[in-house]
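Data block below; observations after.
Here, each number is a calculation from the coordinates, and none is a lab measurement. Remember, it's a predicted structure, so these values are computed and weren't measured experimentally. No Cβ is skipped: glycine too gets one built from the backbone with ideal geometry, and neighbour counts run over all protein chains shown.
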Amino acid sequence: MTLYTWARPRHFPRLPAPVRRYFDVASDARVLAHCHWQRSPSARPTLLALHGLEGSSRAHYMRGLADKAFSAGLNVVLLNQRNCGDTEHLSRGLYHSGLSCDPAAVIRELTEVDRLPAIAVVGYSLGGNLGLRLAGTAPPRVLRAVCAISPTMDLGRCVDALERRSNAIYQWNFVRNLKRRMRRKARVLPGAFDLDALDRIRTVREFDDAFTAPHHGFRDAADYYHRASSLRVVDRIAAPTLIISAEDDPFVPPEQFRSPAAAANPNVTTAITRHGGHCGYYADPTPGFDGYWAERTAIDFARRHLCSLSPGPGGPADASRSRVPPRAPRA
């Protein structure tokens, strides 16, 4: 399912063209979001979507999520992490898996400037870790719900799994894209980054040791993984939170979601499907449903906690469907 959903072409004719919006998240960092606004944005709640490692707002799952959320009556903000979505020129630094201050700054502006009344966050993979960290550290008052899909909640454990021989294709793809981004970054900011070690890097861990960790003040990759993991703060989450993962995820082991910190928090619900891969979750399509189960589940969960502000096309009864639909993805 990981590869099938990644490679399968998708089209969204109902989704209007997005509006580009820039947010200054730090004195030296600006991020780009693609936004789909309802006719009266301040009268509607908003879904903020966070992509995974080396993804962007153009990822199929981001657009699929936007299509379903917009049809449900929500504003949608598809946020690019620093340097993602061809935005290397907007920030001096790099992004990392625990940089939850960026979505927090975006939510602050949406609240204070746009007067948006309520926001739910949906994050995929790295973005899921960001969403959980946001909810467990300094959650904005307008944050009503968080859904994390295939989140890298324990970064060290996930990188360990990524280094298995069976995951060589995923490791190669991540490293290839990370290297490309660093070369683009170096062209935008000549002399800002020493790329001498880049050609020797073969794993995500080696990349993080050489670039991510020292750039952000971590001692090394292990220190970065420990301090940036949302597993350390999941016990503090107070907003309704749904974690979706799969037993057959190739590099996000399900054991992390059974940790006492997550299991003991009554605000956190965990749905571990038998199949789904990494951010896949393709089920049998039915009339009106394209088969992308995690997207539908995330929107149902968000609407459950936002429906008092936006009943959407199906009305309140439609918004109150169960937290996890009964039919999970099959092999």
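Worth a mention:
- Taking amide hydrogens as placed 1.01 Å from N in the peptide plane, the amide H of E54 sits under 5 Å from that of no residue at least 5 positions away in sequence or on another chain.
- Backbone amide hydrogens, once placed in the peptide plane, bring D249 within less than 5 Å of G277, excluding anything fewer than 5 places away on its chain.
- Only Cα pairs under 8 Å and 6+ residues apart enter the sum, and on that basis the relative contact order of the chain stands at 19 percent.
- Estimated 222 nm signal from helices in the chain, with DSSP H stretches of n ≥ 4 weighted -39500 (n - 2.57), rounded to 500: -9000 deg cm²/dmol
- The overall shape of the stretch 124-219, judged from the alpha-carbon gyration tensor, is oblate: a/c is not under 1.5, and a/b is no greater than b/c.
- Whole-Hz ³J(HN,Hα) from phi, Karplus 6.51 cos²θ - 1.76 cosθ + 1.60, for the stretch 226-232, glycine and proline x: 5, 6, 8, 6, 6, 4, 6
- Computed about its Cα centre, the charge dipole of the chain is approximately 660 debye, with only Lys, Arg, Asp and Glu carrying charge at their Cβ.
- Put simply, the amide H of Q81, placed in the peptide plane, has neighbours under 5 Å in H51, leaving out anything fewer than 5 places away on its chain.
- Spherically averaged projected area of the stretch 10-136 from its Cα convex hull (nm²): 7.3
- Rounded to whole Hz, the Karplus (6.51, -1.76, 1.60) HN-Hα couplings of the stretch 296-302, x for glycine and proline: 5, 5, 4, 5, 4, 5, 4
- Where the alpha-carbon atoms of the chain are placed on the principal axes, they occupy 58, 43, 39 Å, in descending order.
- Where Rh is the Kirkwood radius over Cα pairs, Rg/Rh for the stretch 204-295: 1.07
- Whole-Hz couplings from phi, Karplus 6.51/-1.76/1.60, listed for the stretch 156-167; x for Gly and Pro: x, 5, 5, 5, 4, 5, 4, 7, 5, 4, 5, 9
- Paramagnetic reach from R219 in the stretch 227-265 [backbone N under 17 Å; point 7 Å along Cα→Cβ]: 227-229
- Residue exposure sequence - K179, K68, K185 - by fewest surrounding Cβ within 10 Å: K179, K185, K68
- Listed residue (N80, L65, T273) projecting farthest to the positive dipole end of the chain, Cβ model: L65
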